[in-house]
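Chemist: Below is one structure. I have some questions about it.
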């Protein structure tokens, strides 16, 4: 069994997340892609994120039509900062030793992997499905210098370069600008029904 893992705050979930997940699923022959919403991202200690029940609600709406997409609450149900290495350990235990884990990341995140908590253990626990990012060329020599063994554990996937970010979407909502075609219509409706992102500090 092959399982893709896509983590993030998903604040909100948008089409770039969904497109990358589906491309990884089809290109790597994944049985499932598990979306793991962050609880307390260690790299964003001073950033206020939307309460988990709203982010889960948006995820459930966005993933409802794809039977291969699942949600894991593992990072929401444990206290403290949630490190990727710990998430992978928990998910491996949950899915069993025979499950082959693929961590789906963007090229920009891959270049920062050496700064993550126990990066060498991360690449032991999972292979990496790497989505391209504008302006982030990947060079084998550079990757191997940063984290030996990284290049052999990764595979590039072909995915559209959709420059959509949660930060921009939250700003658009606050400023009354359109978000249509950036995220699923059900998620857009949920945002306005719940009054999300209206009062964020600029």
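Chemist: Which one is surrounded by the most Cβ atoms within 10 Å (Cβ to Cβ) among residues in segment 72-95 that are in contact (Cβ under 8 Å) with a residue 60 or more places away in the chain and over 13 Å from the mean Cα position of the chain (by Cα)?
Modeler: 88
Chemist: Could you count how many residues in segment 186-202 are surrounded by 11 or more Cβ atoms within 10 Å (Cβ to Cβ) and at pLDDT 95 or above?
Modeler: Going through segment 186-202 one residue at a time, the tally reaches 10.
Chemist: Of all residues in segment 112-130, how many are closer than 27 Å to residue 55 by Cβ, assigned to a helix (DSSP H, G or I) and without any contact (Cβ under 8 Å) to a residue 24 or more places away in the chain?
Modeler: Number of matching residues: 1.
Chemist: Okay, moving on. Report whether or not residue 36 is part of a loop (DSSP other than H, G, I, E, B) and within 22 Å of residue 116 (Cα to Cα).
Modeler: no
Chemist: Okay, moving on. How many residues, within segment 77-90, are over 13 Å from residue 122 (Cβ atoms) and either touching a strand residue (DSSP E or B) at 6+ places or on another chain (Cβ under 6 Å) or not in a loop (DSSP other than H, G, I, E, B) (or both)?
Modeler: Here the count works out to 1.
Chemist: Oh, and also: Looking at segment 108-142, which of the residues that are surrounded by 13 or more Cβ atoms within 10 Å (Cβ to Cβ) and over 29 Å from residue 69 (Cβ atoms) is farthest from the chain's Cα centre (by Cα)?
Modeler: Within segment 108-142, the match that is farthest from the chain's Cα centre (by Cα) is 120.
Chemist: Of (1) modelled with pLDDT under 90; (2) more than 24 Å from residue 127 (Cβ to Cβ), residue 53 satisfies all except one. Which?
Modeler: Unmet condition: (1).
Chemist: Have a look at 48, 105 and point out the one that is surrounded by 17 or more Cβ atoms within 10 Å (Cβ to Cβ) and either modelled with pLDDT of 95 or more or not in a helix (DSSP H, G or I) (or both).
Modeler: 105
Chemist: Here's a follow-up. Between 170, 133, which is touching a strand residue (DSSP E or B) at 6+ places or on another chain (Cβ under 8 Å) and either modelled with pLDDT of 95 or more or not in a helix (DSSP H, G or I) (or both)?
Modeler: So the residue among 170, 133 that is touching a strand residue (DSSP E or B) at 6+ places or on another chain (Cβ under 8 Å) and either modelled with pLDDT of 95 or more or not in a helix (DSSP H, G or I) (or both) is 133.
Chemist: Answer yes or no as to whether residue 60 is surrounded by fewer than 18 Cβ atoms within 10 Å (Cβ to Cβ), touching a strand residue (DSSP E or B) at 6+ places or on another chain (Cβ under 8 Å) and free of Cβ contacts under 8 Å to residues at least 40 places away in the same chain.
Modeler: Judged against the criteria, residue 60 is a match.
Chemist: A follow-up question, please. I'm trying to understand the selection: among the residues of segment 139-161, which are assigned to a loop (DSSP other than H, G, I, E, B), closer than 18 Å to residue 24 by Cα and in contact with a helix residue (DSSP H, G or I) (Cβ under 8 Å, 6 or more places away or on another chain)?
Modeler: 157, 158, 159, 160
Chemist: In this structure, is residue 164 touching a helix residue (DSSP H, G or I) at 6+ places or on another chain (Cβ under 8 Å) and either under 20 Å from residue 29 (Cβ atoms) or assigned to a helix (DSSP H, G or I) (or both)?
Modeler: For residue 164, the condition - touching a helix residue (DSSP H, G or I) at 6+ places or on another chain (Cβ under 8 Å) and either under 20 Å from residue 29 (Cβ atoms) or assigned to a helix (DSSP H, G or I) (or both) - is not met.
The values are calculated or read from the model by the stated rules, or taken from the named source; none is laboratory data. Not measured: the values here are computed from a predicted model. Glycine gets a Cβ as well: all are built from the backbone with ideal geometry, and neighbour counts include every protein chain shown.
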